[in-house]
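Report on the following structure.
What follows is calculated from the coordinates using simple rules that are stated; it is not laboratory data. Note that the coordinates shown come from a computational prediction; the quantities given were computed from them, not determined experimentally. Using ideal geometry, Cβ is built from the backbone for each residue, glycine included, and neighbour counts are taken over all protein chains shown.
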Amino acid sequence: MKIAVASIGKELSFHLDLRFGRAEYFLVVDTLTLEYDVIENMENAGLPHEAGVGAAKNLLGYGIDVLISFNCGPRVFEILTAA
């Protein structure tokens, strides 16, 4: 299973980012191996609108099964649940 976590840093020891679309990074963790990929979210974090939509579409390419985030909007929820 792959879990995506909105994070303020590049290591598993960093705190969760309270923002989804403007999170600095996403960590995609493989629960079987505990290996993880770091996804920089800088291009979406700087957008004035729809940052969450861009971040969600980017995460789809990583085959995630679960998202851990404090908040995401209804469009992000639609995108991720439709995948």
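Residues that are surrounded by fewer than 17 Cβ atoms within 10 Å (Cβ to Cβ) and either at negative phi or touching a residue at least 12 places away in the same chain (Cβ under 8 Å) (or both) within the range 25-43 comprise D30, T31, L32, T33, E35, D37, V38, E40, M42, E43, listed in sequence order. Only a single criterion out of (1) at negative phi; (2) in a loop (DSSP other than H, G, I, E, B) is not satisfied by I3, namely (2). Here the range 5-16 is the region considered, the condition is being closer than 18 Å to L80 by Cβ and in contact (Cβ under 8 Å) with a residue 24 or more places away in the chain, and the residue that is surrounded by the most Cβ atoms within 10 Å (Cβ to Cβ) is A6. Comparison of G21, G52 shows that the only residue that is touching a Cys at 6+ places or on another chain (Cβ under 7 Å), surrounded by 12 or more Cβ atoms within 10 Å (Cβ to Cβ) and of a type in the set (G, A, S) is G52. Residues in the range 15-51 that are assigned to a strand (DSSP E or B) and not hydrophobic (A, V, I, L, M, F, W, C) were compared, and the one that is nearest to M1 (Cα to Cα) is D30.
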